[in-house]
Amino acid sequence: MEDPRVTRVRELNAAWNSRDWDEFFGSLADDFELHPDPLWPEPGPYVGDEARTFLREWLEPWGTVRMEMDEIGMVGRCVVIWGSWQAEGIASGADVRLPVGLAIELNELLQPTRMHVRFEREHAVEIARATANQDGASA
């Protein structure tokens, strides 16, 4: 049986890919934290409404944007995804594929509370392991 946190992240990924922003943004915990990769021009972190605004502004120039998951599973208390963002620019029509790893923590209501975005798979796994170690959990 799949961990309910993994199932919920799959559902949220489906909402993202279908552009169901009410479902996606409505599912985030009020104090949701977004931690972009340190290589990102504005690495944050972003919390609450600031995180939602950051994501909405990031979405603006893209006609389509999808998260294609190659791997998903639990590492400690995080759902870890490895895959790619695939997008097409509205104005340019440019196709972009960006490999990305996500480490996502969810609360007991299955709301995402924290998401770390990393451009290297192992970096996302390391964050999840570190989070588990903070709790004394094993990865």
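Each value in this text was obtained by applying a stated rule to the coordinates, not by laboratory testing. What you see is a predicted model; the values in this text were computed from it and never measured. FYI the Cβ positions are ideal-geometry reconstructions off the backbone, even for glycines, and counts take in every protein chain you see.
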Worksheet item: Of Val117, Met69, Leu59, which is farthest along the charge dipole of the chain in the positive direction, counting Lys and Arg as +1 and Asp and Glu as -1 at C-beta?
Response: Met69
Discussion item. Nearest 5 percent is fine: what portion of the DSSP beta bridges confined to region 4-135 is antiparallel?
Written reply: 90 percent
Worksheet entry | Tilt relative to the chain, helix 4-17 - C-alpha long axis, 0 to 90 degrees, to 10 | 0 degrees
Response to the item:
Mean-square fluctuation maximum in Gaussian network of the chain, Cα pairs under 10 Å, restricted to Leu12, Leu102, Leu55, hits Leu55
Worksheet item: What is the packing order of peptides 68-76, 40-48, taking the mean over residues of other C-beta atoms within 10 Å and listing the highest first?
Response: 68-76, 40-48
Worksheet entry | Size of charge dipole - region 79-139 - debye, nearest 20, with Cβ of Lys, Arg +1 and Asp, Glu -1, no other charges | 60 debye
Discussion item. Nothing charged except the Cβ atoms of Lys and Arg (+1) and of Asp and Glu (-1): what's the magnitude of the dipole of the chain about its Cα centre? Round to the nearest 20 debye.
Written reply: 240 debye
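Considering all projection directions equally, how large on average is the shadow of the alpha-carbon convex hull of region 1-74, in square nanometres?
5.8 nm²
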Item to complete: Any chance you could run the full-extension gain for His123 through Trp58? It's 0.36 nm times the residue separation minus the Cα-Cα distance, nm to one decimal.
Response: 21.2 nm
Discussion item. Taking only Cα atoms of region 50-126, what ratio of Rg to Rh do you get with Rh as the Kirkwood inverse-distance radius?
Written reply: 1.01
Worksheet entry | Cβ-Cβ FRET estimate between Trp40 and Asn107, R0 fixed at 22 Å, reported to 0.05 | 0.30
Discussion item. Report the per residue volume, in Å³, of the convex hull enclosing the C-alpha atoms of the chain.
Written reply: 110 Å³
Fill in: In Hz, Karplus ³J(HN,Hα) per residue of region 97-114 (6.51, -1.76, 1.60; θ = phi - 60°; x = Gly, Pro)
10, 10, x, 8, x, 10, 10, 10, 9, 10, 8, 5, 8, 6, 9, x, 10, 8
